[in-house]
Amino acid sequence: TIRVTVTGEAVRPGTYALSSLSTVMNAIYQAGGPNELGSFRKVQLIRNNRVIATLDLYDYLLSGTQQNDFRLQDNDNIRFTTFIEHVEITGTVKRNNIFEMLPNESLDRLLFYAGGFAANAYKGRVKVTRLTDRERKVIDVTASEFQTFAMQDGDLVTIEQLLDRFENQVTIEG
């Protein structure tokens, strides 16, 4: 048995007795993961007062890869930092949610986190409501700009649905 301490913005910070075969993900599970202020993108493994690994839980949650999931040693510390940037996406996507973004991540990446467009989504343009120093600003982003449009903390992305009409319908009455 080893003792591992979980600090920072965890749901249940504290010291845990774990098996010597445990990994960082086992300790994160025991601590309940990050709380509402905690980061999913920057979880630090601290050993001998040095950060030896930083985990991005989105890699595990969205693609199943466990990069930097090191085996723990006695007296390791797992630290949940505060979130970096929160961006909300609503409308006709598969996962309406608030996602944590790293600096300079694009709208295209946010759409990946949201599971992509739903079948009835208008994919040609999205509306981004951004906070400025004084007020809110609405930005229309076209499909050609998705990969280069950098998201910022507090952005709200709205995906509209297709128009409720037919392109090629003919109606005969009488």
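Taking region 45-79 as the range and being in contact with a strand residue (DSSP E or B) (Cβ under 8 Å, 6 or more places away or on another chain) and closer than 30 Å to Thr158 by Cβ as the test, the residues that pass are Asp56, Leu57, Tyr58, Leu61.
Kindly list the number of the only condition in (1) in contact with a Phe, Trp or Tyr (Cβ under 7 Å, 6 or more places away or on another chain); (2) open to solvent by 20 Å² or more (accessible area, probe 1.4 Å); (3) hydrophobic (A, V, I, L, M, F, W, C) that fails for Leu107. Leu107 satisfies every listed condition except (2).
Working carefully through the options Val138, Val126, find the one that is of a type in the set (A, V, I, L, M, F, W, C), surrounded by fewer than 14 Cβ atoms within 10 Å (Cβ to Cβ) and not in a loop (DSSP other than H, G, I, E, B).
Details: Val126 fails: surrounded by fewer than 14 Cβ atoms within 10 Å (Cβ to Cβ).
When all the criteria are applied, what remains is Val138.
Under the condition of being surrounded by 14 or more Cβ atoms within 10 Å (Cβ to Cβ), outside any loop (DSSP other than H, G, I, E, B) and out of contact with any Leu (no Cβ under 8 Å at 6 or more places or on another chain), the residues counted in region 153-174 number 3. For region 92-123, how many residues are part of a loop (DSSP other than H, G, I, E, B) and out of contact with any Asp or Glu (no Cβ under 6 Å at 6 or more places or on another chain)? So the answer is 15.
Given the criterion within 24 Å of Thr148 (Cα to Cα) and not polar (S, T, N, Q), identify the matching residue among Phe117, Phe80, Phe70. Within the list Phe117, Phe80, Phe70, the selection yields Phe117.
Of all the listed residues (Thr23, Thr90), the sole one being touching a residue at least 12 places away in the same chain (Cβ under 8 Å) and under 30 Å from Arg130 (Cβ atoms) is Thr90.
Only strands (runs of 3 or more DSSP E) whose full extent lies in region 26-91 are considered here, and the ones with at least 2 residues that are basic (Lys, Arg) are 38-47.
Is it fair to say Arg12 is free of Cβ contacts under 8 Å to residues at least 40 places away in the same chain, touching a Gly at 6+ places or on another chain (Cβ under 6 Å) and either under 21 Å from Leu156 (Cα atoms) or open to solvent by less than 70 Å² (accessible area, probe 1.4 Å) (or both)?
On the way: free of Cβ contacts under 8 Å to residues at least 40 places away in the same chain: yes; touching a Gly at 6+ places or on another chain (Cβ under 6 Å): yes; either under 21 Å from Leu156 (Cα atoms) or open to solvent by less than 70 Å² (accessible area, probe 1.4 Å) (or both): no.
Against the criterion (free of Cβ contacts under 8 Å to residues at least 40 places away in the same chain, touching a Gly at 6+ places or on another chain (Cβ under 6 Å) and either under 21 Å from Leu156 (Cα atoms) or open to solvent by less than 70 Å² (accessible area, probe 1.4 Å) (or both)), Arg12 does not qualify.
Scanning region 3-28 for residues that are touching an Asp or Glu at 6+ places or on another chain (Cβ under 7 Å) and over 16 Å from Phe40 (Cβ atoms) yields Arg3, Val4, Thr23.
Can you find a residue that is out of contact with any Leu (no Cβ under 9 Å at 6 or more places or on another chain), open to solvent by 40 Å² or more (accessible area, probe 1.4 Å) and under 17 Å from Arg41 (Cα atoms) anywhere in region 71-91? There is at least one residue in region 71-91 that is out of contact with any Leu (no Cβ under 9 Å at 6 or more places or on another chain), open to solvent by 40 Å² or more (accessible area, probe 1.4 Å) and under 17 Å from Arg41 (Cα atoms).
The values are calculated or read from the model by the stated rules, or taken from the named source; none is laboratory data. Predicted model only: the values in this text are computed from it and were never measured. Note that we place each Cβ from the backbone using ideal geometry, even for glycine, and neighbour counts take in every protein chain shown. Remember, those area values only see protein heavy atoms, side chains included, never the ligands or the DNA or RNA. Shrake-Rupley method; radii C 1.70, N 1.55, O 1.52, S 1.80 Å.
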